[in-house]
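So the structure is just underneath, and the comments pick up after that.
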Amino acid sequence: MVDNVFILAGGSGTRLWPASLNEYPKQFIKIKGEKSLLNLAIERALYLDIPGEIIIITLKSQLDDVIKECSPYTNTGKIVILPEPVARNTATALTAAAWWIKKEGKGTTTALILPADHLIEGMDEFKKNTIEADSLAHKGFLVTFGIPPAYPETGYGYIKRGEPYGKGFKVESFMEKPDIKTAKQFIDDGNYFWNSGMFVFKIDSFLNEIEKYSPDISGSFAKLSNAPKPVFEKDLKIIMEDPEVEKSYRQSPSISIDYAVMEKTPLAAMVLAEFSWNDIGSWDQFETIIKNFKWAELFEVGSSNNTVFSDIPVALCGVENLIIVIKNGKALVCKKGTSQKVKELRTLIEVENREDLL
């Protein structure tokens, strides 16, 4: 089993606006009773019964909210929070966490990377696949989980499966988000899988590949002689809060782990996911989760196939196939199948300098 879990929880809330905002991104949205996506990610990590630490990487501006979300789990003794001083995407975030583990003298241990805003079901299958990925990581591979594509999705990157190796496969290539024609070709081919954005690697292996392919990132942390001492707040360990760490962050480029390492390294491997996965990357995706639940007081006349997620009662007349979101004093109405454009909508709002809406 993997030794540590890194949970990426520093999103800025773009694709699920207006329920998700800059300072209250989707990992804080409660979708299972009173449990948020971040709560579920922590419980997922605890289910693996790892010997090491669960490091939650978040933005410093979201630290208080993360501490509140962690309150049910303080008695585990495993929760560590790394508050990033500035957003620098996933490659820098993971380098910072890996560098910390390395400084603790645990460079030969492994880590599972979990985005906080994904929904995973089928925990026995998830644990089995994590063990398989860990076995490849111990051989020096940087391992991702390939999701069998259910349909030709254009909003995801894809992984092309290579030759079998151990409990998984070598990765032949990573593919950018395709157009619909290419996505259909991927489905027909049978060797392409959705890129889950989850990884398993040995700490030393990852840091070596970062140094090789993204020296600007590794170099900025190499300047730090020693890791700052952790502080404790509400029985939680807070690490890497230090002016020198902030300097390292600001000197690092903003780049994802995919671009920084995974698309370049010959050590990329893949395990075929047998669990249920949803990255909830749009309101259309979110609808697949909430459609069987009542998320608003709704009155309809001559209307059908509408999904409403609202803080206030909603009445609909003569409309169909709509997604309606009324949250945080803001409203979104879109046709089903078009919610990927919400990110463009947020950009438009930014251009209009309406920070009060974001």
Ser304 fails exactly one of (1) out of contact with any strand residue (DSSP E or B) (no Cβ under 8 Å at 6 or more places or on another chain); (2) open to solvent by 40 Å² or more (accessible area, probe 1.4 Å), namely (1)
Checking Ala137 against (1) open to solvent by less than 10 Å² (accessible area, probe 1.4 Å); (2) out of contact with any strand residue (DSSP E or B) (no Cβ under 8 Å at 6 or more places or on another chain): exactly one of these is not met. Which one? (2)
Could you tell me whether segment 5-24 includes any residue that is within 25 Å of Ala98 (Cβ to Cβ), in contact (Cβ under 8 Å) with a residue 24 or more places away in the chain, among the hydrophobic types (A, V, I, L, M, F, W, C) and not in a strand (DSSP E or B)? yes
So which residues in segment 118-134 are open to solvent by 40 Å² or more (accessible area, probe 1.4 Å) and under 16 Å from Ala269 (Cβ atoms), if there are any at all? Ile131
Quick one: which strands (runs of 3 or more DSSP E) sit completely within segment 234-315 and have at least 3 residues that are modelled with pLDDT under 90 and among the aliphatic types (A, V, I, L, M)? none
Have a look at Glu320, Glu352 and point out the one that is at pLDDT below 90, loosely packed, with under 15 Cβ neighbours inside 10 Å and more than 30 Å from Pro215 (Cα to Cα). Glu352
Here the residues within segment 160-192 that are open to solvent by less than 60 Å² (accessible area, probe 1.4 Å), touching a helix residue (DSSP H, G or I) at 6+ places or on another chain (Cβ under 9 Å) and either in a strand (DSSP E or B) or acidic (Asp, Glu) (or both) are Lys160, Gly168, Val171, Phe174, Tyr192
Pair list, Cβ under 7 Å, 6 or more apart: segment 138-160 residue in contact (Cβ under 8 Å) with a residue 12 or more places away in the chain, other residue in a loop (DSSP other than H, G, I, E, B) and surrounded by fewer than 17 Cβ atoms within 10 Å (Cβ to Cβ): Lys139/Gly166; Thr154/Lys177; Thr154/Asp179; Gly155/Lys177; Tyr156/Lys177; Gly157/Glu176; Gly157/Lys177; Lys160/Asn191
Top-ranked residue in segment 316-331 [being outside any loop (DSSP other than H, G, I, E, B) and out of contact with any Pro (no Cβ under 9 Å at 6 or more places or on another chain); ranked as nearest to Trp283 (Cα to Cα)]: Ile323
When residues of segment 218-277 are filtered for being more than 20 Å from the chain's Cα centre (by Cα), of a type in the set (A, V, I, L, M, F, W, C), surrounded by 14 or more Cβ atoms within 10 Å (Cβ to Cβ) and farther than 30 Å from Met123 by Cα, how many remain? 5
Name the residues in segment 332-349 that are open to solvent by 80 Å² or more (accessible area, probe 1.4 Å) and part of a strand (DSSP E or B), would you? Val333, Lys335
So, Thr90, is that one polar (S, T, N, Q), over 18 Å from the mean Cα position of the chain (by Cα) and open to solvent by 10 Å² or more (accessible area, probe 1.4 Å) or not? no
How about segment 59-83: which of its residues are assigned to a strand (DSSP E or B), open to solvent by less than 10 Å² (accessible area, probe 1.4 Å) and over 22 Å from Thr110 (Cβ atoms)? Pro83
Quickly run through segment 102-117 and pick out the residues that are farther than 25 Å from Pro25 by Cβ, outside any loop (DSSP other than H, G, I, E, B) and open to solvent by less than 10 Å² (accessible area, probe 1.4 Å). Thr110
If you scan segment 335-358, which residues turn out to be under 23 Å from Thr154 (Cβ atoms) and either touching a helix residue (DSSP H, G or I) at 6+ places or on another chain (Cβ under 7 Å) or not hydrophobic (A, V, I, L, M, F, W, C) (or both)? Lys335, Lys336, Gly337, Thr338, Ser339, Gln340, Lys341, Val342, Lys343, Glu344, Arg346, Thr347
Any pair with Cβ under 7 angstrom, 6 or more apart, that starts in segment 222-236 at a residue that is of a type in the set (Gly, Ala, Ser) and ends at one that is open to solvent by 80 Å² or more (accessible area, probe 1.4 Å): Ala227/Lys103
Residue that is modelled with the highest pLDDT [pool: residues in segment 20-36 that are within 25 Å of Val200 (Cβ to Cβ) and surrounded by 23 or more Cβ atoms within 10 Å (Cβ to Cβ)]: Gln27
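The values are calculated or read from the model by the stated rules, or taken from the named source; none is laboratory data. Values in this document were obtained by computation on a predicted structure and should not be read as measured data. In this analysis, Cβ positions are derived from the backbone assuming ideal geometry, glycine residues included, and neighbour counts consider all displayed protein chains. Surface areas here come from the heavy atoms of the whole protein model, side chains and all, with no ligands, DNA or RNA. Shrake-Rupley method; radii C 1.70, N 1.55, O 1.52, S 1.80 Å.
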